[in-house]
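First comes the structure, then the notes that go with it.
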Amino acid sequence: MGVGVGKLSLLSTTDLAVLAESNSKCRKHSCWRSNATPFHHRKPISWSVLCGFMLFGVGLISLLTGHMASDLEWYSQRLVHRTLYSAVEGSYNAPIDVWKSQYSKYYYGCSERGRGYAPAVSERWSNGYLLIGTSGGLNQQRTGITDAVVVARILNATLVVPELDHHSFWKDDSDFVHIFDVDWFISRLAKDVTIVKRVPDKFMRSMEKPPYTMRVPRKSEPDYYLDQVLPILLRRQVVQLTKFDYRLANNLDDELQKLRCRVNFHALRFTKPIQELGQRIVMRMQKMAQRFIAVHLRFEPDMLAFSGCYFGGGEKEKRELGEIRKRWTTLPDLSPDGERKRGKCPFTPHEVGLMLRALGFSNDTYLYVASGEIYGGDETMQPLKDLFPNIYTKEMLADEELKPFLPFSSRLAAIDYVVCDESDVFVTNNNGNMAKILAGRRRYMGHKRTIRPNAKKLSTLLAERHQMDWDTFAKKVKSCQRGFMGEPDELRPGRGEFHEFPSSCVCKRPYVEEELGKEVYRPPKLGAVNLTKADSSLNGIRRRGRT
């Protein structure tokens, strides 16, 4: 029997979410209906004529330029096959399956080398040795390692296995070999870059000066490395690049982007102990539930202090986070209200729970929570537990097995990474490094459902939730989250950071025909159609200094 839902000022939002569970299916789905003018009152549009002109234009451009004109093709296909995407921009008619995209099976990762791809330069004939010092936590370092391989390729250098950061906030003294399978890393990339574990001792003893150390600007173009780093490498033979995180431009030649994908999604494999424990935790979650959500909660005290946001904890919170914030002497004064309106504040566990319940996940859904120390502890987590009682963490599922990893934050983060990657749905409360890396990987692996809050819009909506009933709130949450659910049509060339949106490495199977509103696909005969064309602006990278 349905339960009437009053104003949120009379009952807590958490209670309303639980009460709304008993509503009928018809009532639950009514919030998806559009208030737009009925279609039969509108003047019909001749789609065939419009799309015919667009496809003719694409063909003409392809004929004249020799390119596929990918962006135009992408938009024209969305118009021609408009039933392929239920969520055409501005339309909110059809509900989205919160567990899985119905279009994911038509997309897959593609990062193969092109036909004209040159083999790796041997250690003997390379331009010198490149040393890399990464920066930050595990996933920030992961981006640095990925880009280090690409930079070594650009410079025709021999890459020395990168050094991990031991001095970040997490103070983890793990080395590369403790987290990643180093032999697999070297062999998997042998056709791209020559990688060695260390500079040969004989070579080091013969050097007149120590390795030259420098720090390149963030988002540096390949030309910067060729102009500023290569001459030093040729002269000194060993160059060390420090604080190496996001030091390479986002947009690169298509072959270099694919190399990024081969590094990040294939070569960086965790060590056997990390991988095995992560998989055991996954199996334990799957044994309890047919499918589960992994929620990555970045709600540690340092994270909150750095954000400059306020989370409702009164003077105690302001005092505690203010003291932590003093660790960073260069941080500007921020307006908590302003940061929240800009969507820069991480969601609280309660806000994540409300978003998930509003999207349609029931209270018997199983959640795996990946996190460090939650600020406020059990008191902060309780509202989320009220909404989703079946909450588990790695500490709950692998108590004794976890003990060898406890002193090492990066290894613990790697275990969480494995579980989050294997989850049916991945959810994050912010858009940090792990969220971006996993979002990109899950897109590459077939667009597994990945939900990230539309923080700018949802922050305003959450602040006003007490002024509306639950059904209205849920309807608005679903509307806000269009475009933030990990659907294939979110992946557009040039959008966002490449690590999060690896468009050069995602292919789709060609569309064949449409019958009675149902999509019919057949396996491609001549290979896949890539979602984006190569960036020709970097195709002519100079080969100066190459032997």
Worksheet entry | 19 Å reach of a label modelled at Asn250, 7 Å along Cα-to-Cβ, counting backbone N of segment 426-450 | 430-444
Discussion item. In whole Hz and in residue order, list the ³J(HN,Hα) couplings for segment 142-154 that follow from phi through the Karplus curve 6.51 cos²θ - 1.76 cosθ + 1.60, θ = phi - 60°; x for Gly and Pro.
Written reply: 4, 5, x, 5, 4, 5, 4, 5, 5, 5, 4, 5, 4
Fill in: Residue order for Asp97, Asp378, Asp172, Asp424 - accessible surface, 1.4 angstrom probe, largest first
Asp378, Asp97, Asp424, Asp172
Discussion item. Once ligands and nucleic acids are excluded and a 1.4 Å probe is used, how much of Ile186 is accessible, expressed in Å² to the nearest 10?
Written reply: 40 Å²
Response to the item:
Excluding ligands, DNA and RNA, the carbon-plus-sulfur percentage of the accessible area of segment 384-438 with a 1.4 Å probe reads 51 percent
Worksheet entry | Computed FRET value (nearest 0.05) for Arg269 with Leu334, which takes r as the C-beta separation and R₀ as 41 Å | 0.55
Practice prompt. Could I have the simple spin-label model distance between Ser362 and Lys197, label points 7 Å from Cα toward Cβ, reported in nm to one decimal?
Written response: 5.3 nm
Practice prompt. Would you give the gap between the C-alpha center of segment 204-263 and the C-alpha center of segment 452-478, rounded to a whole Å?
Written response: 45 Å
Practice prompt. On the full set of protein chains, 1.4 Å probe, figure out the accessible area of Trp125 and give it in Å² to the nearest 10.
Written response: 150 Å²
Discussion item. Amide H of Phe270 versus every other amide H placed in the peptide plane: which residues, excluding those fewer than 5 positions away on the same chain, fall under 5 Å?
Written reply: Asp181
Practice prompt. Please work out the FRET efficiency for the pair Arg218 and Thr460, using the Cβ-Cβ distance as r and a Förster radius of 22 Å; give the result to the nearest 0.05.
Written response: 0.10
Practice prompt. Using the structure shown, select from Lys219/Lys475; Lys100/Lys219; Lys243/Lys508; Lys100/Lys258; Lys394/Lys475; Lys191/Lys243 the pairs with a Cα to Cα distance greater than 29 angstrom.
Written response: Lys219/Lys475; Lys100/Lys219; Lys243/Lys508; Lys394/Lys475
Worksheet entry | In Hz, Karplus ³J(HN,Hα) per residue of segment 286-292 (6.51, -1.76, 1.60; θ = phi - 60°; x = Gly, Pro) | 5, 5, 7, 9, 5, 8, 8
Worksheet entry | Simple spin-label estimate for Leu406 and Lys318 in nanometres, 7 Å along Cα-Cβ | 3.8 nm
Worksheet entry | Under 5 Å, built H, 5+ apart or other chain: amide partners of Val506 | Cys110, Leu531
Worksheet item: Considering amide H positions built from the backbone, and no H for Pro or chain starts, which residues 5 or more places from Ala370, or on another chain, come under 5 Å of its amide H?
Response: Val295, His296, Leu297
Worksheet entry | From phi via Karplus (6.51, -1.76, 1.60), per-residue ³J(HN,Hα) for segment 295-301 in Hz, x at Gly/Pro | 10, 8, 9, 8, 9, 7, x
Item to complete: Could you compute the FRET efficiency for Asp378 and Leu234, with r as their C-beta to C-beta distance and R0 at 41 Å, rounded to 0.05?
Response: 0.10
Worksheet item: Out of Thr329, Pro301, Gln257, whose Cα points farthest toward the positive end of the dipole of segment 228-345 (charges: +1 Lys, Arg; -1 Asp, Glu; placed on Cβ)?
Response: Gln257
Item to complete: Treat every Asp and Glu Cβ in segment 293-391 as -1 and every Lys and Arg Cβ as +1, leave all other atoms uncharged, and give the resulting dipole magnitude about the Cα centre to the nearest 20 debye.
Response: 360 debye
Response to the item:
Square roots of five times the C-alpha gyration tensor eigenvalues of segment 291-373, ordered largest first and given in whole Å, equal 28, 14, 11
Fill in: Dipole magnitude (debye, nearest 20) for segment 353-510, charges at Cβ of Lys, Arg, Asp, Glu
1000 debye
Worksheet entry | For segment 279-348: accessible area per residue (Å², 1.4 Å) | 58 Å²
Discussion item. Taking 0.36 nm per residue of sequence separation and subtracting the Cα-Cα distance, how much length would be gained by fully extending the chain between Asp175 and Lys287, in nm to one decimal?
Written reply: 37.0 nm
Discussion item. With a 1.4 Å probe and all protein chains kept in place, how much accessible area does Thr365 have, in Å² rounded to the nearest 10?
Written reply: 10 Å²
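The values are calculated or read from the model by the stated rules, or taken from the named source; none is laboratory data. Treat the numbers as computed from the prediction; the structure is a model and nothing was measured. Counting neighbours? That spans all protein chains shown, and the Cβs are built from the backbone with ideal geometry, glycine included. Only protein heavy atoms, including side chains, enter the accessible area calculation; ligands, DNA and RNA are left aside. Shrake-Rupley method; radii C 1.70, N 1.55, O 1.52, S 1.80 Å.
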